[in-house]
Amino acid sequence: MVQTSRPKRRFRRPSVIPGFGLTFGYTLTCLSLVVLLPLAALVAKASGIGLTGIVETATDPRVASALRISFGVSLVAALTASVFGFLVAWVLTRYRFPGRKLVDAVVDLPFALPTAVAGIALASLYAPNGLVGAQLARLGIQAAYTPVGIFIAMVFIGLPFAVRTVQPLIAEIDKEVEEASATLGATRLTTLTKVVLPPLIPAVLTGFAMAFARGVGEYGSIIFIAGNLPYVSEIAPLLIVIKLSEFDYGGASAIATIMLGISFLTLLTINLIQAWSRRRFGYV
Amino acid sequence: MSEALTATTFAADKAAEPPASSVSEPAAVRWLLTGIAIAFLALFLVLPLVTIFVQAFAKGWQTYLATFDEPDAWSAIRLTLTVAAIAVPFNLVFGIMAAWSIAKFEFWGKSLLVTLIDLPFSVSPVVSGLIYVLLFSSQGVFGTFFPEHGMQVLFALPGIVLATIFVTFPFVARELIPLMQEQGTTEEEAALTLGATGLHAFLTVTLPNIRWGLLYSVLLCNARAMGEFGAVSVVSGHIRGLTNTVPLHVEILYNEYNFVAAFAVASLLAGLALVTLVIKSALEWRYSGELAAGTRH
């Protein structure tokens, strides 16, 4: 796979394997029709509204509050998911205990469980008369129909991202490095914070960014538990649905554009983290 | 093993060797951390799952089964199966085509292509629905074309299928691309040298190599296709008995305070999720070498 140093004149390197034209053409056609064309429709709609229109929508008090709730709560939820995700990943790869494989499989539950199903389950658990909600109410915390409920749903859907991005890297850590550190007199805590943790930071950040992006866009698992009170527990994706049901396609597109813009920034950040990680540590 | 060793070594050697607590945490800390992790997972993941089944059977088997006597429930199940039966094969074929062109050839702009295929993963489900509404609504680009030709796209089956294809678009390609890149092209080149046609080489050499990865990704693609809520909710129009998929039917029942019925229908999807997880885990344990490493799902 050595790249030639002279300037490339060809689009594709010659190969004896057949079928490039067919498969590449098919791929591009599908991609254009399914992904690019519909997204272009959004871009077209957004440019029709113009930057002033988008800013106007974003500064509308109800929209601004929904965006603040979506991004703010998602930030806190992604942080929580990252901390506990790291702990879960560490326990699963480093410790041996009965039922470990079962616990490992359970982590993927939010990937497999449809969001609406998770949503009604969380809502009934955390409702004031629900199993967990009643206990929280005694502590004076109301989870359902407040941002706390949104937080819980976002932690639920973000957790697998946080676990699965760090887990393979913890498994790859060379134990000899830890032994060397210990032999040189470091305490376990020093070894963990100075030797083990630093190379894992990019993966933790990637998991955090993925959980964050997922939380911002999430709809199904949140709307049931959130109660959807404007200015209190109304999330941005729900506001898009509301605008659509009012046939306000311009308003819906403006909110969608803002959300997409921030998603792209998150995606870009993930790529930058990975590029930095590759330079710094030699792997993603 | 290290405990057994240190127990038998001399005191003098012991001083030279790092104590066991330096290469792992003390036992008490290990148990504490394991306990916290399991308690967290039990509270956040397992409890909601258990709740679904507890609520579904809260009024006994009779009431549970009565939920499925309703024609609306059956039409929702039929619609969901139909949508998955179209969307999953579409993405299967796309995934194989994309993986073949990306993994077996070197060309300019490859990483951009992979990023674009991945794009639907980072788009909010609601936005995924919205873009199709913009395209096919009466003010949209295709707003008049399809209705004029006697085809309703929005608030009908085609719209639901399109939105489902969009949200599940990367699943198969995402798994197959790294898997086929890892496997390289030497086996196919050998087959071609020995006189096989391209298609023959694919069917007899490539396909057996990727079969477990293929099954794995189709499984996850199907789970998402049958369970998608946000995107489908936006394009479906919620016409009872006509354009309601199973997740949308769950929402309607729940909003009508018909909780037992909502959880009964939800238990079907939860059952599907459990079956998916079991097969997925079985594939990971048995064929981990034949699956793409480090995939997200």
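Residue A:145: modelled with pLDDT under 95, at the interface with chain B (Cβ under 7 Å from one of its Cβ atoms) and touching a Ser or Thr at 6+ places or on another chain (Cβ under 8 Å), yes or no?
On the way: modelled with pLDDT under 95: yes; at the interface with chain B (Cβ under 7 Å from one of its Cβ atoms): no; touching a Ser or Thr at 6+ places or on another chain (Cβ under 8 Å): yes.
Answer is no for this residue.
Going through the range B:199-223 one residue at a time, which ones are surrounded by 17 or more Cβ atoms within 10 Å (Cβ to Cβ), closer than 13 Å to residue A:17 by Cα and out of contact with any Leu (no Cβ under 6 Å at 6 or more places or on another chain)?
B:202, B:205, B:206
Pick out the one residue from B:257, B:287 that is among the aromatic types (Phe, Trp, Tyr) and outside any helix (DSSP H, G or I). Before the answer, list the steps.
Values: B:287 fails: outside any helix (DSSP H, G or I).
It is B:257.
Return the residues of the range A:231-284 that are among the small types (Gly, Ala, Ser), at the interface with chain B (Cβ under 9 Å from one of its Cβ atoms) and in contact (Cβ under 8 Å) with a residue 60 or more places away in the chain; say none if nothing qualifies. Full working, then the answer.
Let us first name the residues in the range A:231-284 that are among the small types (Gly, Ala, Ser), namely A:233, A:236, A:245, A:250-254, A:256, A:261, A:263, A:275, A:277, A:282.
Checking the rest, the ones that are also at the interface with chain B (Cβ under 9 Å from one of its Cβ atoms) come to A:236, A:252-253, A:256, A:263.
Across the range A:231-284, the qualifying residues are A:236, A:253, A:256.
Let's see how each residue does on (1) of a type in the set (Ser, Thr, Tyr); (2) without any contact (Cβ under 8 Å) to a residue 40 or more places away in the chain:
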{"position": "B:213", "(1), (2)": "no, no"}
{"position": "B:219", "(1), (2)": "no, no"}
{"position": "B:224", "(1), (2)": "no, no"}
{"position": "B:233", "(1), (2)": "yes, no"}
{"position": "B:240", "(1), (2)": "no, no"}
{"position": "B:248", "(1), (2)": "no, no"}
{"position": "B:254", "(1), (2)": "yes, yes"}
{"position": "B:287", "(1), (2)": "yes, no"}
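Taking residue B:131 and the conditions (1) in a loop (DSSP other than H, G, I, E, B); (2) within 7 Å of chain A (Cβ to nearest Cβ); (3) touching a Pro at 6+ places or on another chain (Cβ under 9 Å); (4) of a type in the set (A, V, I, L, M), which numbered condition does it fall short on, given that it satisfies the others?
(1)
For the range A:145-186, enumerate the residues that are under 14 Å from the mean Cα position of the chain (by Cα) and among the charged types (D, E, K, R).
Across the range A:145-186, the qualifying residue is only A:164.
Can you work out which of the residues in the range A:90-142 that are at the interface with another protein chain (Cβ under 7 Å from one of its Cβ atoms) and of a type in the set (S, T, N, Q) is farthest from residue A:203 (Cα to Cα)?
The residue in question is A:124.
Quick grid of which residues meet (1) within 14 Å of residue A:84 (Cα to Cα); (2) not in a helix (DSSP H, G or I):
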| site | (1), (2) |
| --- | --- |
| A:162 | yes, no |
| A:169 | no, no |
| A:176 | no, no |
| A:180 | no, no |
| A:186 | no, yes |
| A:190 | no, no |
| A:200 | no, no |
| A:207 | yes, no |
| A:214 | no, no |
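The values are calculated or read from the model by the stated rules, or taken from the named source; none is laboratory data. All figures in this text were calculated on a predicted structure; none of them were measured in a lab. So basically every Cβ, Gly included, is an ideal-geometry build from the backbone, and we count neighbours across all protein chains shown.
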